[in-house]
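For reference, the structure discussed in these notes is given below.
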Ligand SMILES: [Zn+2]
């Protein structure tokens, strides 16, 4: 099964985003008062957790949080239950934890493995959406205040002669497993600036304005590793709202084995055989970050021949 058919961490999830409800403010207000509604509190990109994981606010606490703290966004429907997130970032950490009835704050990425797929997906979604709201207080065109609307999926500029609609931004990045030409099969892994001495990972980079994803793959591989690649093939993608990413995974084939790193982003890049990677796994090292698409790209390649 290829990556495109799998659900990677932070994606999928059973939530129905129920986009049609976003414009029905009356209905959303009514849903906030229903007893089975779920309100997830977040504080500055972090989940608020107790001993069982991320807390869900009781109706009483949710009402308090909405009036005392920040904005509320509608995430969707979980069966018949509406799911919202409320941003407690305006409080200090201790007050936010207390208001939520939690014991501490933590990053959703630290909970992977303990949260189920649906739980990780909804927390990541809430984190990304609330982050965008905090970054989009003002209109970039006229500088006026922008106010939340559409159930939290749009902000509207209040400038009298502007009124621009502002939508959440996604920042796509490509991540690439590059194979060497010829045999034996080898893939290119690099040591990034700031990484541990023996930490090797796949190559990645942001897509620039005016580029296709494939253009970005070719440019990044040339800039970072001095290689020309062909056969750029889509593998799958991963939601990466940390804070606003979308990781798009590819395989590509280098036209030659010669590698020349830029010395800034990449300190070293070398070719690894499948036997090399198996040895790394056997010695207890992980291939890529376990919650990220590079882990999947590497293991899929390792399972091939
Ligand atoms: Zn404006």
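The values are calculated or read from the model by the stated rules, or taken from the named source; none is laboratory data. Only a predicted model underlies this, so the values are computations on that prediction, with no experimental measurement involved. Cβ coordinates were reconstructed from backbone atoms using ideal geometry, including for glycine residues, and neighbour counts include every protein chain displayed.
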### Given (1) at pLDDT 95 or above; (2) surrounded by 20 or more Cβ atoms within 10 Å (Cβ to Cβ); (3) in contact with a strand residue (DSSP E or B) (Cβ under 7 Å, 6 or more places away or on another chain), number of the condition residue 246 does not satisfy
(2)
### Query
Scanning for something surrounded by 14 or more Cβ atoms within 10 Å (Cβ to Cβ), under 22 Å from residue 51 (Cβ atoms), modelled with pLDDT of 95 or more and more than 16 Å from the ligand (Cβ to nearest atom), does the stretch 127-134 turn up at least one residue?
yes
### Summary
Of the listed residues (228, 145), the one being within 16 Å of the ligand (Cβ to nearest atom), over 24 Å from the mean Cα position of the chain (by Cα) and surrounded by fewer than 19 Cβ atoms within 10 Å (Cβ to Cβ) is 145
## Note on the structure
Expected output for the stretch 148-175 (first residue closer than 22 Å to residue 19 by Cα and more than 10 Å from the ligand (Cβ to nearest atom), partner assigned to a loop (DSSP other than H, G, I, E, B) and modelled with pLDDT under 95, Cβ below 8 Å, 6+ apart or cross-chain) is 148/71; 152/71
### Task
Answer yes if at least one residue in the stretch 249-261 is without any contact (Cβ under 8 Å) to a residue 60 or more places away in the chain and out of contact with any strand residue (DSSP E or B) (no Cβ under 8 Å at 6 or more places or on another chain), and no otherwise.
yes
### Message
For the stretch 28-62, which positions are surrounded by 15 or more Cβ atoms within 10 Å (Cβ to Cβ) and without any contact (Cβ under 8 Å) to a residue 12 or more places away in the chain?
### Response
none
### Query
Any chance the stretch 184-205 includes a residue that's within 16 Å of the ligand (Cβ to nearest atom), touching a helix residue (DSSP H, G or I) at 6+ places or on another chain (Cβ under 8 Å) and not in a loop (DSSP other than H, G, I, E, B)?
no
